[in-house]
Amino acid sequence: MKSIAISGSPRENVGKRDAKELRYQGLVPAVLYGGPTQTHFSVSAADLRAVVYTPVVHFIDLDVAGVKSQAIIKDLQFHPLTEQIIHVDFLLLDEKKPISIEIPVKLTGTSPGVKVGGKLVQKLRKLRIKALPKDHLDAIEVSIAALEVGKSVKVAEIKLPNLTITNAQEDTIVSVTTSRALRQAEQEAASGKK
């Protein structure tokens, strides 16, 4: 899995007034938890944009006052009107503990159902997985090469080594449905035969 480096500065004061002051300076208050103690610090809002506004999931190499650690973003808080990031929670990664994150779904191949006029409907764009940090993937590839009209790929059909997909097994990831044009053509063909 890809990783991105972000550096932060420790925070001496934790509170509403200090958090507001940090935001005026273009910084975002943050906390790193999952270790023996919580670490309060601030990071640049510009650095976070590269991680937050992308479908790609990244591990984050944090550097807070020279102390390096690997983490993931566990929670984000946005301003309700401006949609600026106002707080971020990082979870410290432990190589021996499985973590649960959402991974994007990447469709591969060309569906024969789409070639004959069907409509490809992707219902899940991300899947929640649980695995050790070393076993995480950049994306989960789902082949649609055998997907005919009226068929679908469900979560239960995806088998990957060393990780567990925690979505409901009966959830549909992708399906090919009958398009309006295909339905009309079938109706015209049926009425023409009568």
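The values are calculated or read from the model by the stated rules, or taken from the named source; none is laboratory data. All figures in this text were calculated on a predicted structure; none of them were measured in a lab. Positions of Cβ are generated from backbone atoms using ideal geometry, with glycine treated the same way; all protein chains shown enter the neighbour counts.
Looking only at residues in the range 1-40 that are β-branched (Val, Ile, Thr) and part of a loop (DSSP other than H, G, I, E, B), the one that is surrounded by the most Cβ atoms within 10 Å (Cβ to Cβ) is VAL14.
Close Cβ contacts (under 6 Å, 6 or more residues apart or on different chains) running from residues in the range 154-171 that are of a type in the set (Ser, Thr, Tyr) to residues that are not in a loop (DSSP other than H, G, I, E, B) comprise THR164/LYS130; THR166/ARG128; THR166/LYS130. Restricted to strands (runs of 3 or more DSSP E) entirely inside the range 75-170, those with at least 1 residues that are within 30 Å of VAL43 (Cβ to Cβ) and of a type in the set (A, V, I, L, M) are 85-92, 99-108, 126-131, 140-143.
Taking the range 167-194 as the search range and keeping residues that are among the aliphatic types (A, V, I, L, M) and exposed (fewer than 12 other Cβ atoms within 10 Å of the Cβ), which one is modelled with the highest pLDDT? By that ranking, first place goes to ALA168. Give the residue, chosen from VAL114, VAL121, VAL149, VAL142, that is surrounded by fewer than 16 Cβ atoms within 10 Å (Cβ to Cβ), hydrophobic (A, V, I, L, M, F, W, C) and in contact (Cβ under 8 Å) with a residue 24 or more places away in the chain. Just a single option satisfies the conditions, and that option is VAL121.
Just one of VAL88, VAL57, VAL43 is closer than 29 Å to ILE173 by Cα and either at pLDDT 90 or above or surrounded by 13 or more Cβ atoms within 10 Å (Cβ to Cβ) (or both); which is it?
Only one candidate passes the filter, namely VAL57.
Within the range 106-134, being basic (Lys, Arg) and within 24 Å of the chain's Cα centre (by Cα) holds for LYS106, LYS123, ARG125, LYS126, ARG128, LYS130, LYS134.
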